[in-house]
Amino acid sequence: MYLDNLEEIKKYCDDIICYYTKNDPYVKYEAEKEFADTITNKQEIISNGGHLNQESGYTEFKELIEYI
């Protein structure tokens, strides 16, 4: 998230999707949204996903599996 030219990522990837939540205890939603807006139009907000890790009770990434 802290690259100097984040926009350039689009040059190297044909298909980018960002998954994030509104209730991440470590990363503010605004920062997640800004990051996603910079690199892609494909975005999915996961309800009550927390930090999308086991600590937050998020143990299966069903949305990603469905996407791929």
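Being in a loop (DSSP other than H, G, I, E, B) and either modelled with pLDDT under 90 or among the aliphatic types (A, V, I, L, M) (or both) is the filter here; which residues of segment 8-28 pass it? Even if it seems obvious, please write down each step before you answer.
First, pick out the residues of segment 8-28 that are in a loop (DSSP other than H, G, I, E, B): 13-17, 21-28.
Within segment 8-28, 13, 14, 16, 17, 27 meet the criteria.
Let's see how each residue does on (1) more than 29 Å from residue 11 (Cβ to Cβ); (2) touching a Cys at 6+ places or on another chain (Cβ under 8 Å); (3) in a helix (DSSP H, G or I):
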| residue | (1), (2), (3) |
| --- | --- |
| 30 | no, no, yes |
| 34 | no, no, yes |
| 44 | no, yes, no |
| 47 | yes, no, no |
| 50 | yes, no, no |
| 58 | yes, no, no |
**Message:** Residue under question is residue 11, and the condition is that it be without any contact (Cβ under 8 Å) to a residue 24 or more places away in the chain, surrounded by fewer than 10 Cβ atoms within 10 Å (Cβ to Cβ) and of a type outside the set (A, V, I, L, M); does it hold?
**Reply:** yes
**Request:** Could you grab me the full set of residues in segment 23-48 that are in contact (Cβ under 8 Å) with a residue 24 or more places away in the chain and either exposed (fewer than 10 other Cβ atoms within 10 Å of the Cβ) or farther than 23 Å from residue 68 by Cα (or both)?
**Result:** 23, 24, 25, 26, 27, 31, 47
**Complete:** Flagged in segment 15-54 as over 19 Å from residue 5 (Cα atoms) and among the hydroxyl-bearing types (Ser, Thr, Tyr), in numbering order, are 19, 20, 21, 26, 29, 47
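The values are calculated or read from the model by the stated rules, or taken from the named source; none is laboratory data. All values reported here derive from a predicted model rather than from experimental measurement. Cβ atoms come from the backbone with ideal geometry, glycine included; neighbour counts cover every protein chain shown.
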